[in-house]
Amino acid sequence: ILFATIQSKAQQDTVKVVDIFDLSLEELMKIEVVSSTKFAQKQSLSPNVISVIHKDEIKKYGWVSMNDVLFKQSGFFPAQDNERITIGSRGITEGWNNNHLLLLIDGIPFNLKSYGTAITNEATPLIFTKSMEIIKGPGSALYGSYATKGVLTLNTISASDFDKNKIFASIRYGERNTAFYDVLATFKTKKIDVTTSVSYNSTDGEKYQSFDGSLEIDPITNTLKKFEPKYQRNSGYFFLKLGGKDEIKGFSAQIHSQLINISTGHGWLWSISDKNEKIQDNVNNFIIKYQKDITDKINGQFAVNYSLHNIDWNIWFNRSGAYDNWYPNGVNERLKSSFNSVFTQLQFIFKLPKKSIFVIGTEPTVFIYSGDKEHYSNIDLMNSADGYPPLTINRTLGSHLELIENKPVKYIGSFAQFSTGELFGKYVHSTIGFRYDNQFFDYYDVTVAGKPVKSKSFDDFSPRISFVITPTENFVFKIMGLTAFRAPTPTEMFGYNTWTNASNINQLQSEKIKSAEISADYNINSFINIHINTFYTITNGQIGYSLGNNNLSTNIYDMTNAGIESEIL
């Protein structure tokens, strides 16, 4: 895609953000990261396989999304499930909705609580990103569910990163009416630093003729018909960050508002629609965080993230006249609903003798669903597949998450971690940590008359241990034992009265992951670094959509895989 960038003169002034291209390899190895242990430490000493991508690198390569960045990293590769581009990892392709990556923005989890999805495509722009930290492999010992194949952290820009107030604008335009528009501005006042951005992108997507799953026959040629898949999509993003100074230093607030419109490509149920569809998600996050040094040895942090996820869908599962005109008007489902969640975080970092550090924290979360604003179909979705005739008028449907309507799903995760620092000398560093998570809820058993209330819970224990050995300044050797889990999400457990998904609440279990990894980094000279990582991973109970069971969310398979990742920088 051809593109042009428009940049204000002020943006070209000296910036406090480090320029990655001005650093030597020795300096690159000393860059500090936070996501690996929740406190700043040199990248080379972190107890994970981790990479850092800075804003200047993102800009000079022209990357517009986290997907763009990941596709250039060892261990990740482009994959696709129906209309959605997904991120494959370590030789394994990825599913439509649960990409097994945890997304953090300034340390706060941003995965959709309803689906577990980390939105890593162009719907989450990089315009407000100062740096991106990429952890490969399991990370549940610190972060709990979703962090099974990796942890992605976006560290956002602050007005304090610049000497003066700045405005930056970027316009990119290319084939298939693909366009990206970004504006970022920073302002400084006496008490508050302000950073804000607005982004919008759109595309017509691929245009071609394709077969689909309807198996419709052209009566003239007596061959399968072809149709044009619909891949149009657009999204917008608003970001606002306030950072306190002087007496309110340590206080920050953020607003993230995201609007996403997509098309279903080959169709939600593999029948390319002949009517206009609407699949819109609006995700809003409101964050308040306060971080302070309680003493010169103790740092405390408290954060709250209120998330509101609105969906507005008008889906056509089958075209007009489907199944020998059994559905003369096609099959439609209209769904307008919302989900609320509140995430809270309380953690403390203790600085101990010989640079050793102890971290402890807890993260309670609640997910609330209060029914649908609209939910109807032109057929009886719950019975038509069993031979009931289609309706001629729209029929109001029950709640699509009827099992937990007005019944909160509660989560609590607590973690502890000890990093030895120089207790064993300057050449051997160790990190030991664990996390315990419990997800519990009441739900209606809709399969029994009277819909009695039942209870269920998922609890998981995630330990990890690592050793980092640095015999010389130019060589780092790591040995890591890591575990992770992914608890079932609300849409996987409670889907009902809908064709968008089906649930398996009685049998569904958490995914479990165990991994052993060995890595080595060697600076040959000031210009060349070699990194090699080997892993052996066991996955039990991978959750996905079972195509043979009408999109049933269930534990599809167990798997063991091993591999080698290598790169030369």
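Quick notes on this one:
- Criterion: within 30 Å of residue 364 (Cβ to Cβ) and open to solvent by 40 Å² or more (accessible area, probe 1.4 Å) - qualifying residue of 292, 275: 292
- Single condition residue 398 does not satisfy, out of (1) more than 22 Å from the chain's Cα centre (by Cα); (2) in a strand (DSSP E or B): (2)
- Selection count, the stretch 181-224, where residues are out of contact with any Ser or Thr (no Cβ under 8 Å at 6 or more places or on another chain), open to solvent by 50 Å² or more (accessible area, probe 1.4 Å) and not hydrophobic (A, V, I, L, M, F, W, C): 11
- Of all residues in the stretch 151-176, those that are touching a residue at least 12 places away in the same chain (Cβ under 8 Å) and aromatic (Phe, Trp, Tyr) have Cβ atoms under 6 Å from Cβ atoms of residues that are open to solvent by 10 Å² or more (accessible area, probe 1.4 Å) and not in a strand (DSSP E or B), 6 or more apart or on another chain, in 168/11.
- Taking first residues from the stretch 360-384 that are basic (Lys, Arg) and partners that are crowded, with 16+ Cβ neighbours inside 10 Å, the Cβ contacts under 8 Å between residues at least 6 apart in sequence or on separate chains come to 373/336; 373/337; 373/338.
- When we screen 513, 556, 505 for residues that are assigned to a loop (DSSP other than H, G, I, E, B), among the hydrophobic types (A, V, I, L, M, F, W, C) and under 24 Å from the mean Cα position of the chain (by Cα), the only hit is 505.
- Tallying residues that are open to solvent by 50 Å² or more (accessible area, probe 1.4 Å), basic (Lys, Arg) and in a strand (DSSP E or B) within the stretch 444-484 yields 1.
- Output for the stretch 243-272, where each listed residue is surrounded by 15 or more Cβ atoms within 10 Å (Cβ to Cβ) and either in a loop (DSSP other than H, G, I, E, B) or in contact with a helix residue (DSSP H, G or I) (Cβ under 8 Å, 6 or more places away or on another chain) (or both): 243, 245, 250, 263, 264, 266, 267, 268, 269, 270, 271, 272
- Residue in the stretch 357-370 that is outside any loop (DSSP other than H, G, I, E, B) and closer than 30 Å to residue 233 by Cα present: yes
- Residue check, residue 537 touching a residue at least 24 places away in the same chain (Cβ under 8 Å), under 18 Å from residue 401 (Cα atoms), surrounded by 16 or more Cβ atoms within 10 Å (Cβ to Cβ) and within 27 Å of the chain's Cα centre (by Cα): no
- Residue in the stretch 286-298 that is within 30 Å of residue 81 (Cβ to Cβ), assigned to a strand (DSSP E or B) and more than 20 Å from the chain's Cα centre (by Cα) present: no
- Per-region count, the stretch 486-496, residues open to solvent by 10 Å² or more (accessible area, probe 1.4 Å) and part of a strand (DSSP E or B): 0
- Filtered residue count, the stretch 149-173, keeping only those that are open to solvent by 10 Å² or more (accessible area, probe 1.4 Å) and either touching a Leu at 6+ places or on another chain (Cβ under 8 Å) or among the hydrophobic types (A, V, I, L, M, F, W, C) (or both): 6
- Hits in the stretch 30-50 - residues which are among the small types (Gly, Ala, Ser), open to solvent by less than 20 Å² (accessible area, probe 1.4 Å) and more than 15 Å from residue 102 (Cα to Cα): 44, 46
- If only residues of the stretch 349-381 that are over 26 Å from residue 413 (Cα atoms) and crowded, with 16+ Cβ neighbours inside 10 Å are counted, the one that is modelled with the lowest pLDDT is 381.
- The combined condition, being open to solvent by 40 Å² or more (accessible area, probe 1.4 Å) and of a type in the set (Val, Ile, Thr), is fulfilled by residue 342.
- Residues that are within 24 Å of residue 34 (Cβ to Cβ) and open to solvent by less than 30 Å² (accessible area, probe 1.4 Å), drawn from the stretch 112-121: 112, 116, 117, 118, 119, 120
- The set of residues in the stretch 510-569 that are of a type in the set (Phe, Trp, Tyr) and over 30 Å from residue 459 (Cβ atoms) comprises 522, 527.
The values are calculated or read from the model by the stated rules, or taken from the named source; none is laboratory data. Just so it is clear, the model here is predicted, and its values are computed rather than measured. Virtual Cβ from ideal backbone geometry, glycine too; neighbours counted across all protein chains shown. Note: accessible area is taken over every heavy atom of the protein model, side chains too, but ligands, DNA and RNA are not part of it. Shrake-Rupley method; radii C 1.70, N 1.55, O 1.52, S 1.80 Å.
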